[in-house]
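This report concerns only the one structure given below.
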Amino acid sequence: MKKSLILFAALLCFCLGSFAQPKNTYVKIETPQGWCIVKLYNQTPVHRDNFIKLVKSHYFDATTFNRILKGFVIQGGDPDSLYDKGRTLKPEMKWIAPEFVADLYHRRGVVAMGRDANKTESSYTTQFYMVDGRTWTNDELDAIEKKYNTYFTEARRNTYRTIGGTPFLDGHYTVFGEIVKGIELINQLTAVTVDKNGNPATPVWMKLTVLTTQEAVNALK
């Protein structure tokens, strides 16, 4: 009897834990060059919910990918200049505290929030970027560890050696999602003509949509 009760309690805890885990939200990003599907992380709930709210209000649909730097990042939403001192910010434009999670880092294809040089490393609410990056050698990763007083596990080192990314941004910018389908969009976007500052010669519009559960299932087939 006692063993049965223990087994039942363990099963109940497992079931409750399973139900307590929220499902991921997926967002489709469309551009003139192509599209991708982004999975938002539940480990960064403030950034996730902020992004979902803006996508549902079609906020980003009125913006562009205004900074495209091959080998680094593809940045969109409101540009830095709109946050300059002296400007009156729109209600959606503010800063949110960082949500740094050790397992979420800047490998190629992740999505993160931009920010200015504020001391708390808080994110802009209306600016995000997708990581292109490049591959790195062990010596280069050693140098980054020393310069930024950080540490890369062997698994993370292997990712940066083979898949690539921007390891020097780890722990300083909040990563809140990843491209799970259509990662070729990165190559398509970094192929557009840009000036020395990464500004596209032709504006790269975007359309973002929060997918329903069924839409996500169909899109990820």
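The values are calculated or read from the model by the stated rules, or taken from the named source; none is laboratory data. This one's a predicted model, so the numbers in the text were calculated from it and none came from an experiment. Cβ atoms come from the backbone with ideal geometry, glycine included; neighbour counts cover every protein chain shown. Ligands, DNA and RNA are excluded from the accessible area calculation, which covers all protein heavy atoms including side chains. Shrake-Rupley method; radii C 1.70, N 1.55, O 1.52, S 1.80 Å.
Just checking, does region 89-105 include any residue being part of a strand (DSSP E or B), at pLDDT 95 or above, among the aromatic types (Phe, Trp, Tyr) and over 14 Å from the mean Cα position of the chain (by Cα)?
For region 89-105, residues part of a strand (DSSP E or B), at pLDDT 95 or above, among the aromatic types (Phe, Trp, Tyr) and over 14 Å from the mean Cα position of the chain (by Cα): present.
Condition first: in a loop (DSSP other than H, G, I, E, B), of a type in the set (Ser, Thr, Tyr) and farther than 15 Å from Tyr26 by Cα. Now tell me which residues in region 39-77 satisfy that.
Ser57, Tyr59, Thr63
Has region 122-144 got at least one residue that is part of a strand (DSSP E or B), of a type in the set (Ser, Thr, Tyr) and touching a helix residue (DSSP H, G or I) at 6+ places or on another chain (Cβ under 9 Å)?
yes
Can Asn187 be described as over 17 Å from Trp136 (Cβ atoms) and assigned to a helix (DSSP H, G or I)?
For Asn187, the condition - over 17 Å from Trp136 (Cβ atoms) and assigned to a helix (DSSP H, G or I) - is met.
Being part of a helix (DSSP H, G or I), polar (S, T, N, Q) and closer than 23 Å to Gln43 by Cα is true for just one of Thr159, Thr150. Which residue is that?
Checking each option against the conditions leaves just Thr159.
Could you give every pair whose Cβ atoms fall below 8 Å, whose first residue belongs to region 62-80 and is more than 18 Å from Ser123 (Cα to Cα), and whose second residue is of a type in the set (Lys, Arg) and at pLDDT 95 or above, counting only separations of at least 6 or pairs across chains?
Final answer for the pair search is Gly71/Arg134.
Is it fair to say Thr153 is touching a Ser or Thr at 6+ places or on another chain (Cβ under 8 Å) and open to solvent by 30 Å² or more (accessible area, probe 1.4 Å)?
no
Just to be sure I understand, how many residues within region 168-184 are under 21 Å from Gln127 (Cβ atoms) and in a helix (DSSP H, G or I)?
Selection size over region 168-184: 2.
Counting only residues that are surrounded by fewer than 15 Cβ atoms within 10 Å (Cβ to Cβ) and either hydroxyl-bearing (Ser, Thr, Tyr) or touching a strand residue (DSSP E or B) at 6+ places or on another chain (Cβ under 7 Å) (or both), how many does region 62-72 have?
The qualifying residues number 1.
With the requirement that a residue be open to solvent by 50 Å² or more (accessible area, probe 1.4 Å) and either touching a Phe, Trp or Tyr at 6+ places or on another chain (Cβ under 7 Å) or at negative phi (or both), what does region 83-97 give you?
If the condition is that a residue be open to solvent by 50 Å² or more (accessible area, probe 1.4 Å) and either touching a Phe, Trp or Tyr at 6+ places or on another chain (Cβ under 7 Å) or at negative phi (or both), then Asp84, Lys85, Arg87, Thr88, Leu89, Lys90, Pro91, Glu92, Lys94, Trp95, Ala97 are the ones that fit.
Return the residues of region 164-221 that are of a type in the set (Gly, Ala, Ser), crowded, with 17+ Cβ neighbours inside 10 Å and farther than 25 Å from Gln43 by Cβ; say none if nothing qualifies.
Gly198
Quick one: in region 113-143, of everything that is more than 25 Å from Asn66 (Cα to Cα) and of a type in the set (A, V, I, L, M), which residue is surrounded by the most Cβ atoms within 10 Å (Cβ to Cβ)?
Leu141
So how many residues does region 85-119 have that are farther than 16 Å from Val73 by Cα and out of contact with any strand residue (DSSP E or B) (no Cβ under 6 Å at 6 or more places or on another chain)?
The qualifying residues number 21.
Every residue, every condition in (1) among the charged types (D, E, K, R); (2) touching a residue at least 24 places away in the same chain (Cβ under 8 Å); (3) more than 16 Å from Lys28 (Cβ to Cβ); (4) in contact with a Leu (Cβ under 9 Å, 6 or more places away or on another chain), yes or no:
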site: Arg161; (1), (2), (3), (4): yes, yes, yes, yes
site: Gly164; (1), (2), (3), (4): no, yes, yes, no
site: Tyr173; (1), (2), (3), (4): no, yes, yes, no
site: Lys207; (1), (2), (3), (4): yes, yes, no, no
